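What follows is one structure encoded as C-alpha cells, with my remarks underneath.
The values are calculated or read from the model by the stated rules, or taken from the named source; none is laboratory data. Given the structure is predicted, the values throughout are model-derived calculations rather than measurements. Please note: Cβ atoms are built from the backbone with ideal geometry, for glycine as well, and neighbour counts cover all protein chains shown. For accessibility, only protein heavy atoms count, side chains too; no ligands or nucleic acids. Shrake-Rupley method; radii C 1.70, N 1.55, O 1.52, S 1.80 Å.
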Amino acid sequence: MVTCKHKHILIAPLDWGLGHTTRCVPLIRFLLRQGHIPLFAGNETQRRFIENSMGTIDFIHLEGYNIKYSRWNKYAQIGLLSQLPDILGTIKKEQKWLQQLTSARKIDGIISDNRYGLFHSSVPSVILTHQLQVKSGTGATADGFVRKLHYKFMNRFKAVWVVDTPESPGLAGTLSHPDRLPEHASYIGLLSQFENTPSIAGADKAKLLILLSGPEPQRSMLSAILWRQVQDFDGHVVFVEGTENAPVPARIPENVEWHKRLAGKALEHLLQSAGMVVCRSGYSTIMDLTALQKQAILIPTPEQTEQEHLANELHREGIFFTAPQKNFDLKKAITSSANFSNNSAQKSSFQLYQPVLEKWLEQL
C-alpha cells in the first residue's frame, strides 16, 4: 500500500557501458508500480535501452562521461588517468545541469548510479555503487588514494546504497565489503533486470549464447576473436554484438544466429534457453546471470581492473570459469567450464532493495 503521495524521482545512471542502466530497471519498475513518476536522465543509447526494455517513460537528455579505453593493454591505465581532468569537468557540468533542472522541474528525490555530480543540498539524493574499494591496478597505495577520493565524492550525497548483500563476500567480494564503510552507507541487495524471471527447466545445453558488451575498441576486438572461432563450431550459436553499429557479416553459418543488439524479453528468452553464456564480467551482467542461475564463461575487458578482479574471485570460488581475452580458445574454455556451477543461493537477495527504497520514498 502506498502511504505517501506520488513523487517525482530523477534516476541517472553512468554511461560506462550499459550495466549501470540495466540495474536501474528494477528501481524504475518499483517506482512505477507504486504510482511514482520516474524521470530517466541519460544519453540516446541509454534511452533506447530503457524504451526497448520497458516502454516509454519520461526522459531528459544528459550527456555521458564518454570514457575511452586504449587499444593497447599496457597503456590502458595511463589512458584512463589522462582522462581524469575531463571526468572532473563532467562532474562539474552535471552539477550545474542538476541545479538548472531542479529550478525548472519538480524533483522530490534523486537516485544517481555512480554519477558524482548529481547531489543536491535541498533535494534528497542517493548514490548507487557496488565498488567502495576501487581497484586501480597500480598497488595498495594508489587504491587507498582512490578510495579516499571516492568517499569524498560520495559524502556529498545524503545516502550511499551499496548494490550487494550485507554479508561478506556477497557477489562483489572485497569491492563492496571494505574494512571501512562510509557512515551513511547501507546495503540494498542485488539488482537485475531479470529479478522476477522464474527459472525454467529444459535449457538447450548445446546452445551457446555469445553476449558482447562494453567499451570500444575492446568490444570489437573480442567480437573478431569469437567470430573467427564460431565458424567451425558445432551446435547452435547465438551471437549478439551488443551494438547497433556492428556491420552485418558477409557470411553467417547456418548454425549461427546473429544479432546486433537485444534487450528486454528477447534477451531474457535467449538467456533462459542457453546452455552456456560467453560474456564480459561486468557486475550487472554477473547479477543477471545470478538471477537466472546461468552457467557462463567470463572474459574480462583487458586492463579493466574491476572486471578482472570480479572474474578472478568468481573463478576461485568455482562459480564462473574465467579466461583472459588474449589467446582465448572457445572450445578449451567450454571444456574447462564443466566443473563450474552457478547454483547461487542468492535469489532472495534481489528483493532486498524494495523496503529500502520504500522507506526512502516515505521520508521524501
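Here are the numbers for the structure shown:
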| quantity | calculated |
| --- | --- |
| Residue among ILE334, ILE319 that alone is touching a helix residue (DSSP H, G or I) at 6+ places or on another chain (Cβ under 9 Å) and more than 30 Å from GLN34 (Cβ to Cβ) | ILE319 |
| Residues satisfying the stated conditions in the stretch 239-279, i.e. surrounded by 20 or more Cβ atoms within 10 Å (Cβ to Cβ) and touching a strand residue (DSSP E or B) at 6+ places or on another chain (Cβ under 6 Å) | PHE239, VAL240, ALA274, MET276, VAL277, VAL278, CYS279 |
| Filter result (of a type in the set (Ser, Thr, Tyr), assigned to a loop (DSSP other than H, G, I, E, B) and more than 22 Å from the chain's Cα centre (by Cα)) within the stretch 113-144 | SER121, SER122, THR138 |
| Residue among LYS332, LYS326 that alone is of a type in the set (D, E, K, R) and over 19 Å from MET276 (Cα atoms) | LYS326 |
| Count of residues meeting criterion [under 16 Å from GLU254 (Cα atoms), open to solvent by less than 40 Å² (accessible area, probe 1.4 Å) and assigned to a loop (DSSP other than H, G, I, E, B)] in the stretch 201-238 | 2 |
| Test result for ILE111, at pLDDT 95 or above, touching a His at 6+ places or on another chain (Cβ under 8 Å) and on the phi < 0 side of the Ramachandran plot | no |
| When residues of the stretch 301-316 are limited to those that are open to solvent by 50 Å² or more (accessible area, probe 1.4 Å) and in contact with a helix residue (DSSP H, G or I) (Cβ under 6 Å, 6 or more places away or on another chain), the one farthest from THR197 (Cα to Cα) | GLU303 |
| Contacts under 7 angstrom Cβ, first residue in the stretch 263-288 being within 22 Å of THR129 (Cβ to Cβ), partner aromatic (Phe, Trp, Tyr), 6 or more apart | ASP288/PHE194 |
| Looking only at the stretch 131-169, and only at residues there that are modelled with pLDDT under 90 and within 30 Å of LEU364 (Cα to Cα), the one that is surrounded by the fewest Cβ atoms within 10 Å (Cβ to Cβ) | LYS148 |
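A quick yes/no check of all residues on (1) open to solvent by 30 Å² or more (accessible area, probe 1.4 Å); (2) polar (S, T, N, Q); (3) within 19 Å of THR243 (Cβ to Cβ); (4) modelled with pLDDT of 85 or more:
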| residue | (1), (2), (3), (4) |
| --- | --- |
| MET1 | yes, no, no, no |
| HIS8 | yes, no, no, yes |
| ILE11 | no, no, no, yes |
| ARG29 | yes, no, no, yes |
| LEU32 | yes, no, no, yes |
| ILE37 | yes, no, no, yes |
| ALA41 | no, no, no, yes |
| ASN66 | yes, yes, yes, no |
| ILE78 | yes, no, no, no |
